[in-house]
Amino acid sequence: MASPSSDLDRERRKCTFIVAELTDIINGGREKTERRRYLESIILNDPIFGNKDSHFLSREEKYSNGVMKSKRLSEVLKEHNIENPQDYKIMLNVIGESLPIGLHNSMFRPTIRDQGTDEQRKKWLPLANDYKIIGTYAQTELGHGTFIRGLETTSTYDPKREEFVLNTPTLTATKWWPGCLGKTSTHAVVMAQLYIKNQCYGLHSFIVQLRSLKDHSPMPGVTVGDIGNKVGLETNDNGFLAMDNVRIPRENMLMRHAQVYPDGTYRKPANPRLAYGAMVLVRATIVAGSATNLSKAATIAIRYSCVRRQTEAKPGELEPQIIDYVTQQHKLVPQLATAYAFAWIARYMMSTYHALHADIESGHLGALQELHGISSGLKAFTAEMSVSGIEVCRRACGGHGFSAASGLVSIYKDWLPSCTYEGENTVLYLQTARFLLKCFRQPSITPSSMSYILIKPLPGARWGVKSPEDLMKPILLVEAFEHRAQRTIKSAAQFLESQISQGLDTSEAMNRSGIEFVRCAKAHCYYFVTRNFFQSTAQLKCSKEIKESLLTLGVVFALNGIADNSGEFLEDCFVTGTQMEFVRERIQYCYKQLRPNLVGLVDAFAFADQSLNSALGAYDGDVYNRLYNWAKRAPLNKTDVHSSYHKYLRSILKSKI
């Protein structure tokens with residue numbers, strides 16, 4: 001039997017490119033790679049951040065462990081003067097767990113920064129940055145999530161005392177699900193309906209103290225706690241919050257865009273979409289998280305598939321590596337290609353957000369709606385595909401993939417809620433579809449990034465693919481996705497118009513058009529990601545071997561997208577049956593071309609073993625020793641005879657049959 005570690009050594013020797021060069025590309029350059037290694041070393045060399053036996057802990061122990069790591073991380077950030085949000089994310093990625101200070105850094109601080117006045121920033125951000133207060137973002141309620149206009153929490157202005165009075169008027173108004181809320185946070189940015197003199201002015205943001213800074217007990221009128229066990233995110237205290245006449249100073253309403261003056265005069269924001277900025281950042285972060293988590297899953301599954309051997313092809317011969325089975329490649333190579341596609345689109349999203357943020361700061365708001373429309377769809381698209389892809393990777397590891405030691409179970413459980421938090425996926429697809437249809441009907445507002453929508457598909461248009469070799473041409477692959485997106489957008493618009501023409505009101509017509517809307521939004525997202533993949537790869541300055549591998553991955557991403565959605569490409573005869581046969585043939589050709597480089601392509605992600613926390617996916621490939629030693633450390637194996645034997649089992653075994 002071959003040595004597992006020697007199997008991976010051979011795979012690495014077969015790689016046709018220099019892995020370190022690709023790592024630099026993924027990280028954004030050599031300097032960023034060095035920075036990442038430095039930051040990771042801080043975490044890896046600190047025993048407090050170890051997670052060797054985290055799977056054996058109870059929920060209570062996992063939360064307490066998370067608080068301990070949060071404390072140490074806050075100290076480390078100060079000690080090393082680390083303030084860059086990207087640096088913080090790198091360190092979190094190595095820790096490999098959702099910490100109970102997550103929303104403090106991802107939502108609480110950014111919301112104050114984006115929506116607070118200069119005076120509010122000056123007051124609150126130093127406290128938050130130094131962890132003298134810990135905050136969360138309380139929006140979702142027991143009865144309402146994505147439909148934020150339906151939120152019931154109220155904030156009523158009292159001009160006599162210049163205070164807001166916050167209340168939870170119904171059970172369904174209870175804040176429910178915010179991370180870090182249950183036991184950790186001392187403060188929260190609370191989204192509530194603003195009332196002044198019995199008139200509602202809609203949702204606004206308020207900073208509310210939840211717990212005493214002396215003994216951490218809930219403040220008067222505040223009922224707060226943990227919502228209980230969940231599928232994943234066990235280190236995080238997702239919580240509930242109810243308020244009974246909780247008073248806060250007028251200055252605690254975030255007033256960068258809307259103001260309430262001492263006498264109760266209300267000044268509305270110049271643009272109601274200004275609040276999109278924080279949402280776009282969070283959704284861009286989810287796109288990046290989709291890339292990271294799918295990359296981790298692909299790394300584990302591909303390394304394991306090069307170590308695992310199964311079923312001798314001929315009697316007496318060495319069992320082949322399961323990665324050499326084409327069916328295994330068909331499971332895993334598309335996930336690897338998708339991980340790279342998402343890494344490229346995440347980079348686009350982040351750079352676009354930062355450009356937008358600079359525009360907002362200088363008063364230019366034109367791109368807000370565009371980025372909101374794009375980010376909604378891409379958040380849904382990447383979350384949906386990455387969660388599905390992680391599960392494909394887990395199943396591809398067979399029985400061992402069901403073990404917590406695989407690391408895949410926790411990746412899946414902890415990333416699964418990305419499909420519902422920060423906007424449920426279907427609702428976000430519908431938001432994107434409405435923006436696409438608006439652009440379709442009003443060409444003058446269509447941004448350059450969506451100008452393809454205005455190109456009307458020619459009747460009888462056909463795909464210009466003449467042979468399987470043509471499918472290696474990015475321009476033809478992008479053309480196919482562009483045609484599909486154009487056609488489905490037009491189809492959705494026509495379907496909506498047909499419903500209205502039948503006498504339905506707009507609301508019901510939109511409801512009945514929902515399936516068509518989601519279809520066109522997904523088609524647009526697939527086009528957008530495919531186009532970006534090839535454009536980004538073409539612009540890279542790198543070795544020929546790396547560029548060839550990345551372009552082939554792009555072809556795999558595109559061709560599997562065509563094959564998996566073949567009906568939408570065939571139904572108007574743009575693609576023929578013969579061309580679809582070419583697609584299936586070329587997919588296998590690409591797998592063969594990529595086979596020598598699969599381990600190199602996942603090694604390039606450069607995940608530390610601690611970050612993967614996987615017996616199957618460790619760099620050295622020593623799978624079976626790791627699994628065996630992990631099992632021996634399980635709490636059930638602390639004694640040879642379990643206590644339940646004396647309580648129950650002995651009497652069963654000694655009973656007369």
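The values are calculated or read from the model by the stated rules, or taken from the named source; none is laboratory data. On a predicted model such as this, the values are computed, not experimentally measured, just so you know. Reconstructed Cβ throughout: ideal geometry from the backbone, glycine too, with neighbour counts over all protein chains shown. Just so you know, the surface numbers come from the protein's heavy atoms only, side chains and all, with ligands and any DNA or RNA stripped out. Shrake-Rupley method; radii C 1.70, N 1.55, O 1.52, S 1.80 Å.
Here are the numbers:
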| read-out | value |
| --- | --- |
| Single match in Q310, Q328, Q321 (criterion: closer than 30 Å to C590 by Cα, open to solvent by 10 Å² or more (accessible area, probe 1.4 Å) and in contact with a Cys (Cβ under 6 Å, 6 or more places away or on another chain)) | Q321 |
| Subset of the stretch 389-425 (residues that are among the β-branched types (V, I, T) and at pLDDT below 95) | T420 |
| Filter result for the condition that a residue is free of Cβ contacts under 8 Å to residues at least 60 places away in the same chain and either within 30 Å of L428 (Cβ to Cβ) or within 32 Å of the chain's Cα centre (by Cα) (or both), over R267, R211 | R211 |
| Any hit, the stretch 509-519, residues being crowded, with 23+ Cβ neighbours inside 10 Å and under 23 Å from C439 (Cβ atoms) | yes |
| Count of the stretch 152-177 residues which are open to solvent by less than 10 Å² (accessible area, probe 1.4 Å) and either free of Cβ contacts under 8 Å to residues at least 60 places away in the same chain or not in a strand (DSSP E or B) (or both) | 2 |
| Matching helices (runs of 4 or more DSSP H) fully within the stretch 365-449 where at least 2 residues are in contact with a Gly (Cβ under 8 Å, 6 or more places away or on another chain), open to solvent by less than 20 Å² (accessible area, probe 1.4 Å) and among the small types (G, A, S) | 368-396 |
| Qualifying residue in the stretch 485-502 (condition: without any contact (Cβ under 8 Å) to a residue 40 or more places away in the chain, outside the structural domain of S351 (by the TED database) and within 26 Å of the chain's Cα centre (by Cα)) | no |
| Residue match in the stretch 39-62 (condition: within 30 Å of F533 (Cα to Cα) and either in the same structural domain as D324 (by the TED database) or acidic (D, E) (or both)) | yes |
| Residues (under 19 Å from Y88 (Cα atoms), open to solvent by 60 Å² or more (accessible area, probe 1.4 Å) and among the aliphatic types (A, V, I, L, M)) located in the stretch 16-47 | L44 |
| Strands (runs of 3 or more DSSP E) (entirely within the stretch 189-285) containing at least 3 residues that are assigned by the TED database to the domain that holds K160 and among the aliphatic types (A, V, I, L, M) | 199-209, 239-243 |
| Lone qualifier among S491, S507 - being in contact with an Asp or Glu (Cβ under 7 Å, 6 or more places away or on another chain) and part of a helix (DSSP H, G or I) | S491 |
